1. Checking the conditions here, which among B:140, B:155, B:119 is out of contact with any Leu (no Cβ under 8 Å at 6 or more places or on another chain) and more than 11 Å from chain A (Cβ to nearest Cβ)?
2. Answer with yes or no whether residue B:160 is surrounded by 21 or more Cβ atoms within 10 Å (Cβ to Cβ), assigned to a helix (DSSP H, G or I) and at the interface with chain A (Cβ under 8 Å from one of its Cβ atoms).
3. So which of A:139, A:76 ends up being of a type outside the set (Lys, Arg), within 25 Å of residue A:29 (Cα to Cα), in contact (Cβ under 8 Å) with a residue 12 or more places away in the chain and facing chain B (nearest Cβ under 10 Å)?
4. From the residues in segment B:321-339 that are part of a helix (DSSP H, G or I) and of a type outside the set (A, V, I, L, M, F, W, C), which one is surrounded by the most Cβ atoms within 10 Å (Cβ to Cβ)?
5. Residues in segment B:169-177: is at least one within 14 Å of chain A (Cβ to nearest Cβ), small (Gly, Ala, Ser) and part of a loop (DSSP other than H, G, I, E, B)?
6. Being without any contact (Cβ under 8 Å) to a residue 60 or more places away in the chain, at the interface with chain A (Cβ under 7 Å from one of its Cβ atoms), among the hydrophobic types (A, V, I, L, M, F, W, C) and farther than 20 Å from residue A:39 by Cβ, is that true of even one residue in segment B:228-248?
7. Any residue in segment A:79-94 that is surrounded by 18 or more Cβ atoms within 10 Å (Cβ to Cβ) and not assigned by TED's automatic domain parsing to the domain that holds residue A:42?
8. Of the residues A:81, A:88, A:93, which is free of Cβ contacts under 8 Å to residues at least 24 places away in the same chain and part of a helix (DSSP H, G or I)?
Amino acid sequence: MRNKFLVGLYSDEDKMIDGVRKMRENHLEVYDVVSPFAVHGLDDALGLNESRLHITGFIYGATGLTIALTFMSWVFTSDWPLNFGGKPHFSFPAFVPILFEFTVLSASIGMTLTFLLRSGLYPGRIREKLDERTTDDKFAVVFRIYKRTTSEEISKMKELLQSSGAEEIKERDLKRHY
Amino acid sequence: MHAESAVRAPLIYGNKTYHQITEDICRPIESKPTRLYLITITFTALLMTWGLFMIGWTVWFGIGTWGLNRTVDWGWDITNFVWWIGIGHAGTLISAILLLFRQKWRMAINRAAEAMTIFAVICAGLFPIFHMGRVWLIFFNLPYPNSRGPLWPNFNSPLLWDVFAISTYFTVSLLFWYTGLIPDIATVRDRAKKKFTKWIYGILSFGWTGSAKHWQRHEALSLVLAGISTPLVLSVHTIVSFDFATSVIPGWHTTIFPPYFVAGAIFSGFAMVLTLMLVARKVMNLQQYITLEHIESMNKIIVLTGSIVGSAYITELFVAWYSGNIYEQYAFANRALGPYWWAYWGMMTCNVISPQLFWVRPLRRSVWFTFFMSIIINCGMWFERFVIIVTSIHRDFIPSSWSYYSPTYVEISIFAGTVGLFLTAFMLFAKTMPVIAMAETKHILRISGDAQKKAAAAHSHSHEDLPGSIQVH
């Protein structure tokens, strides 16, 4: 199955955002925007939900904290209680540095892996490109053309891309999803 | 988009466009290495190889090849370890703390400073690892169900805290640095002409496209990583200072150590960033991105942290006297007037007196003076660690075991080798990766670029002379 996309390239991110808003007001489904940097206000214009990545970060951190605390307590109170100069076996203050470090470690490794997995990023992943300049200075507004997409819709997409300041409009036919 | 006052000096000069930024930052990667580059990297690589050979020598013949003795069992090794870890503090501080404080000037230097952090932590890690002597037993540090009992490592020991702190710091810095690099590597990939370059940057870029949802997650990840790296970076040198502060040695056993070590780490880290970036900026033609504003801002942080370090030295002296403890008093008198007086006064001159010169604005904005000072501070901070470690232990509680320590050529070579390793790694990084965070620089162009600032100033109908109009050199 082929994946058809209609791509409009902009040089100005403000025009692009205004365009995206207008397209969505006209009930067109903007599939994606591909940009060289994170454009502020774009999430809102595209109507993207807030990322839940930070929630996963909290969960990973809390898990790490629990594992570290349980493990150290188990080692020093039940598995192999050692007497360090008569200090209590469960010496919580002395556990704090490792608890903190392990929490941070778990949260950051977990979050980074989640980010890579959810975004389908891994070493050696090759994706076909919509346009090589989108990592340089061009902002691409992308429509996906399905079988059900009517030709009126396509012409409306093109018209709105043009009127909002897209400098180049092209159709891309990719073997796989980009 | 946030508008920014025209009073604030621009952070990017030269009427840049997005495309121009890509061109400027990718040029060093795409052009052939110069003769100067090849000569320098050959020299640093040889230095590194010599250091690695001497590490091998140490492993083969044992720690007896070092100048350590029964009294002074921590010498150059731990001095260098703490020195390198301190240098490794600037990167994460710049990227994490300055991100939370919304300091836009961090954008020009964060990527290189983070790379520096990673290389510095690698150099630091070598010292305690090889100081263990029987390095093949290093896994004894790890808590794993083993055949020794099961006997676990002592989780109450600051030395084990250090193992956790340094490895966590290294891992988190690496993740932060690399996830930030991914979009910029994708830019290099898309510009690459040769098949091989395209392939290799293709692998390294993880298939980044720049899709809106990916950017959104990327931003969320950066923000949370910055948020948790901030206490992390402060915790690392705090825990390093616990190695000393929790032991009952006069000169070490003080509660001021954690903040004093952290301030010193930032102080030396910024000095090293300046040393490298002042050279890189000149060689790679990045003066329009790393401007005098950036240098001045870093020098202001140097004044702040240098003053904290200076106050800490003086507080230590005061508390030693005020404690009424003769051993504590002797430890400090011996530091200043004993056989290692030269290290103490070297430290005092480099760290307490010299950073105060940065209160003078023209000195803060002088590239040559800053470069000179950055070297002085690096020397001063090395002396500080040497003073803390060696002067505190070389005269212990029994005068019959007092001794004097000086390093052998093996220790000196290993230290020189880590400098070689650090510089080689940094130069390879500078030639293969974008040294300035391109995507982030593009992000602030419309806020902090000079053309945009001028347009905003013209628009504000104000005919007053704005105090922020400074020329770039």
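The values are calculated or read from the model by the stated rules, or taken from the named source; none is laboratory data. A quick note: this is a predicted structure, and the numbers were derived from the prediction, not measured. Here Cβ is always computed from backbone atoms with ideal geometry, including for glycine, and neighbour counts include all displayed protein chains.
1. B:140
2. Taking the combined requirement at face value, the residue does not satisfy it.
3. None of the others qualify; the one that does is A:139.
4. Filtering segment B:321-339 for residues that are part of a helix (DSSP H, G or I) and of a type outside the set (A, V, I, L, M, F, W, C), the one surrounded by the most Cβ atoms within 10 Å (Cβ to Cβ) comes out as B:335.
5. no
6. yes
7. Yes, because at least one residue in segment A:79-94 is surrounded by 18 or more Cβ atoms within 10 Å (Cβ to Cβ) and not assigned by TED's automatic domain parsing to the domain that holds residue A:42.
8. Answer to the check: A:93.
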